[in-house]
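Okay, so here's the structure we're looking at.
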Amino acid sequence: AVDGDGVVVTTASGEERADRLVLCAGAYTEELLRERGLPLQVVRIVNAYFEPERPDLWNVENGAPDFLIGVPGASYYGMSSVDGIGVKIGHHYHGEQTTARTIRRDVDDAEVQALRDVLDRFMPGSTGTVKAVATCMYTMTPDENYIIETHPEHPQVSYACGFSGTGFKFTPVIGEIMADLASSGESRHDLAQFSSSRFNTANVA
């Protein structure tokens, strides 16, 4: 909550007060900034890890690359096996709509088979025994671009969200931007394209 020119954050361990708040809460952002009316949609993404039948082709140690597979109406991402963890694949962007608190964490056989089918088609020898399955969450914006800005009513609060599955790759520069916003209220980078005002949402100042 805003506390004068500063902020107070209430947790299970008590209250913390600070001059500035940087909020990078992933799938929880919509809940924490609900009054902003940001157009964020959380989707459930499934990942599977397969023991490669041809480690000579699909182990990073043997020179195998990370990959993107684009087919009509779908896109898949993944990486070859590193240190024996298995070939990873996920279905980029497409997933069940959910929330950070209600996401379904179980993965069914049909979901794993669909991912196996893609690898079998495009990367023969990459799928053997299933080593692991996992779910993660994408927080999507309508244009799949980020929201990075200072709160229009409370300049001591800045936030970054809506990374649509790609934010991790840009962590160093996003961290730099958020540090700039917290320390000076400005960034050396042009943030116009990341303003939530591009969505013309009712609650955006």
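The values are calculated or read from the model by the stated rules, or taken from the named source; none is laboratory data. Everything quoted here is computed from the prediction, not taken from an experiment. With ideal geometry, Cβ positions are generated from the backbone for all residues, glycine too; neighbour counts draw on all protein chains shown. Keep in mind that these areas ignore ligands, DNA and RNA; they rest on the heavy atoms of the full protein, side chains included. Shrake-Rupley method; radii C 1.70, N 1.55, O 1.52, S 1.80 Å.
Does the stretch 98-113 include one or more residues that are farther than 13 Å from residue 131 by Cα, of a type in the set (Ser, Thr, Tyr) and modelled with pLDDT under 95?
no
Need a quick list: strands (runs of 3 or more DSSP E) entirely within the stretch 61-111 having at least 1 residues that are open to solvent by 80 Å² or more (accessible area, probe 1.4 Å).
It comes to 67-71, 96-98.
I'd like the full set of residues that are at pLDDT 95 or above and either under 21 Å from the mean Cα position of the chain (by Cα) or under 14 Å from residue 117 (Cβ atoms) (or both), limited to the stretch 76-93.
76, 77, 78, 79, 80, 87, 88, 89, 90
Taking the stretch 170-189, which residues are within 17 Å of the chain's Cα centre (by Cα) and either exposed (fewer than 13 other Cβ atoms within 10 Å of the Cβ) or over 20 Å from residue 19 (Cα atoms) (or both)?
170, 171, 172, 173, 174, listed by residue number.
Take residue 133 and tell me if it is of a type outside the set (D, E, K, R), surrounded by 15 or more Cβ atoms within 10 Å (Cβ to Cβ), farther than 30 Å from residue 57 by Cα and modelled with pLDDT of 95 or more.
No: the conditions fail for residue 133.
Could you say which residue among 76, 28, 49 is in contact (Cβ under 8 Å) with a residue 24 or more places away in the chain and touching a His at 6+ places or on another chain (Cβ under 9 Å)?
Values: 28 fails: touching a His at 6+ places or on another chain (Cβ under 9 Å); 49 fails: touching a His at 6+ places or on another chain (Cβ under 9 Å).
Within the list 76, 28, 49, the selection yields 76.
Restricted to the stretch 190-205, and to residues that are assigned to a loop (DSSP other than H, G, I, E, B) and surrounded by 16 or more Cβ atoms within 10 Å (Cβ to Cβ), which residue is modelled with the lowest pLDDT? Break it down into steps so the answer makes sense when it comes.
So the first thing to find is which residues in the stretch 190-205 are assigned to a loop (DSSP other than H, G, I, E, B), and the list is 190-191, 195, 200-205.
Those left that are additionally surrounded by 16 or more Cβ atoms within 10 Å (Cβ to Cβ): 191, 204.
Details: 191: 96, 204: 43.
In this case the residue turns out to be 204.
Checking residue 32 against (1) within 30 Å of residue 200 (Cβ to Cβ); (2) touching a Phe, Trp or Tyr at 6+ places or on another chain (Cβ under 9 Å); (3) surrounded by 16 or more Cβ atoms within 10 Å (Cβ to Cβ), only one condition comes out false. Which one?
Every listed condition holds for residue 32 apart from (3).
Tell me, yes or no, whether the stretch 149-159 has at least one residue that is among the acidic types (Asp, Glu), more than 19 Å from residue 35 (Cα to Cα) and surrounded by 14 or more Cβ atoms within 10 Å (Cβ to Cβ). Full working, then the answer.
Kept after step one, since they are among the acidic types (Asp, Glu), are these residues of the stretch 149-159: 149, 153.
Checking the rest, the ones that are also more than 19 Å from residue 35 (Cα to Cα) come to none.
The answer is no, given that none of the residues of the stretch 149-159 is among the acidic types (Asp, Glu), more than 19 Å from residue 35 (Cα to Cα) and surrounded by 14 or more Cβ atoms within 10 Å (Cβ to Cβ).
Rundown of residues vs (1) farther than 20 Å from residue 69 by Cβ; (2) free of Cβ contacts under 8 Å to residues at least 12 places away in the same chain; (3) not in a strand (DSSP E or B); (4) not aliphatic (A, V, I, L, M), yes/no style:
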position: 117; (1), (2), (3), (4): no, yes, yes, yes
position: 121; (1), (2), (3), (4): no, yes, yes, yes
position: 131; (1), (2), (3), (4): no, no, no, yes
position: 137; (1), (2), (3), (4): yes, no, no, no
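Between 44, 17, which is buried (at least 19 other Cβ atoms within 10 Å of the Cβ), in a strand (DSSP E or B) and out of contact with any Phe, Trp or Tyr (no Cβ under 6 Å at 6 or more places or on another chain)?
44
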